[in-house]
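For reference, the structure discussed in these notes is given below.
The values are calculated or read from the model by the stated rules, or taken from the named source; none is laboratory data. All values derive from a computational prediction rather than experimental measurement. Every residue, glycine as well, gets a Cβ built from its backbone with ideal geometry; the counts of neighbours run over all protein chains shown. With ligands, DNA and RNA removed, areas are computed over all heavy atoms of the protein, side chains included. Shrake-Rupley method; radii C 1.70, N 1.55, O 1.52, S 1.80 Å.
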Amino acid sequence: MMSGFQAYTIYSALKLHYTQENFDAYKYNFKTRVNSNTYEKLRFKYSFEKLASKYKTKEELIEFYTSNFIAGCTWIMDMNETNLNDRKGRLESFSYRFKNDINKLSKYDFNELCSCKNGENILINEFCKENINIETISMIDLMVNFIKPLLSNLNDPLGMKRDHALMAMKYKNSLIDIDRKKIKDNLISLFTKE
C-alpha cells in the first residue's frame, strides 16, 4: 500500500519530469530530493494521503499523475479523474486515432514533419492546434527522436510550442503498452508508398 509521502515523492518526480528538459523520472525511478520533513509541513498533504489510499500501486498513481500533467494540470488540487479517463479512452482507441492523425499528415514528406524550418515544425504546430493527439507525436518521437534537436530552434517567443514539444517528448516514456512494431510499420507504409 502506498503512503502519502510516497504519493508526494512520485508527484514531485513527475512534475520535474514534465517541466525540466534534463530530468527523467523514469531513469531515476521516481526519486527526488524531497524529504519527510518537507512533506509533513505541507498544508495540502491530505491530498496525497487521499490519493495514496485510492490508488494502491505505484503504477496506478503514475498513470493518474501522468494523465493530469499531459492535460495541463500540474497543481495537485486541480488534478482529477476526468483526465485519467480521457487518457484511458485515447489509449484504448490509439490505433484508430494514430491512423487518422498520420493520414492528416500524409500530404507532407516525413523528413519535413520531423525538421524545423524557419523556426516552425509541422507536427508541433498541429499538436498545439489540437489537430493531432499527443500520443501520435510521442510515438513518432519514440521512433526517430526528432523533438530534442528542435527545442532550441522553435520560433516561439511565449514558449508554448516548446512546452508542448517538451511534454510530448517526456510523455513517450509512459507509452509502454503500445505495439511499437505496428506503429513503425504504419509509418513506413504510409510515408514510403509511391
Starting from the Cα gyration tensor of the stretch 45-140, take the square roots of the eigenvalues, sort them a ≥ b ≥ c, and report rounded, prolate or oblate (rounded when a/c is under 1.5, otherwise prolate if a/b is larger than b/c, else oblate).
prolate
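Could you tell me what percent of the accessible area of the stretch 53-194 is made up of carbon and sulfur, with a 1.4 Å probe and every protein chain present?
Whole-percent figure for carbon plus sulfur exposure: 48.
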What nm value, rounded to one decimal, do you get for the distance between residue 108 and residue 131 when each label is placed 7 Å out toward the C-beta?
0.8 nm
Summing Lys, Arg as +1 and Asp, Glu as -1, what charge do residues with Cβ under 10 Å from the Cβ of residue 173 carry, residue 173 excluded?
+2
Answer with a single label: of (1) 61, 34, 30; (2) 52, 39, 25; (3) 61, 35, 26, which was calculated as Cα extents along the principal axes in Å from the structure in view?
(3)
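Can you give the convex hull volume of the alpha carbon atoms of the stretch 92-137 per residue, in Å³?
For the stretch 92-137, the hull spanned by Cα atoms encloses 68 Å³ per residue.
Between residue 155 and residue 40, what is the FRET efficiency for a Förster distance of 41 Å, r being their Cβ-Cβ separation, to the nearest 0.05?
0.35
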Given 0.36 nm per residue, what is the gain on full extension from residue 96 to residue 177 after removing their alpha carbon distance, in nm?
27.6 nm
Working out 0.36 nm times the residue gap between residue 143 and residue 19, then minus their Cα-Cα distance, what length gain in nm do you get to one decimal?
42.4 nm
For n ≥ 4 DSSP H runs only, could you compute -39500 (n - 2.57) per run for the chain, divide by its residues and tell me the 222 nm figure to the nearest 500?
-18000 deg cm²/dmol
So how exposed is residue 176, as accessible area in Å² (1.4 Å probe, rounded to 10)?
120 Å²
Using modelled amide H (1.01 Å from N, peptide plane; none on Pro or chain starts), what sits under 5 Å from the amide H of residue 120, excluding residues fewer than 5 places away?
155
For the stretch 1-102, run through the trypsin sites (Lys or Arg not before Pro) and keep only the ones in DSSP coil with at most 13 other Cβ atoms within 10 Å of their Cβ.
27, 31, 33, 43, 56
What number comes out for accessible area per residue over the chain if the probe is 1.4 Å? Units Å², please.
56 Å²
Where does the charge balance sit around residue 87 when Lys and Arg score +1, Asp and Glu -1, over other residues with C-beta under 11 Å from its C-beta?
-3
Got a sec? Which residues in the stretch 78-111 would a label at residue 192 touch, if it sits 7 Å along Cα→Cβ and we count backbone N under 14 Å?
110-111
Can you tell me which of 101, 179, 141 moves the most in a GNM of the chain? Springs connect C-alpha atoms under 10 Å apart.
179
Along the charge dipole of the chain, which of 55, 65, 138 sits closest to the positive end, that is, farthest toward it, with unit charges on the beta carbon of Lys, Arg, Asp and Glu (+1, +1, -1, -1)?
55
Are there trypsin sites (Lys or Arg not before Pro) in the stretch 108-194 that DSSP marks as loop and that have at most 13 other Cβ atoms within 10 Å, and which are they?
129, 193
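Under 1.5 on a/c is rounded, so check that first for the stretch 4-64, then, if it is not, pick prolate when a/b is larger than b/c and oblate when it is not; a ≥ b ≥ c are the square roots of the alpha carbon gyration tensor eigenvalues.
Working: a/c = 2.11, a/b = 1.30, b/c = 1.63.
In terms of gyration-tensor shape, oblate.
Please work out the FRET efficiency for the pair residue 31 and residue 3, using the Cβ-Cβ distance as r and a Förster radius of 25 Å; give the result to the nearest 0.05.
It comes to 0.95.
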Contact order relative to length for the chain, counting C-alpha pairs under 8 Å separated by 6 or more residues, stands in percent at 21 percent
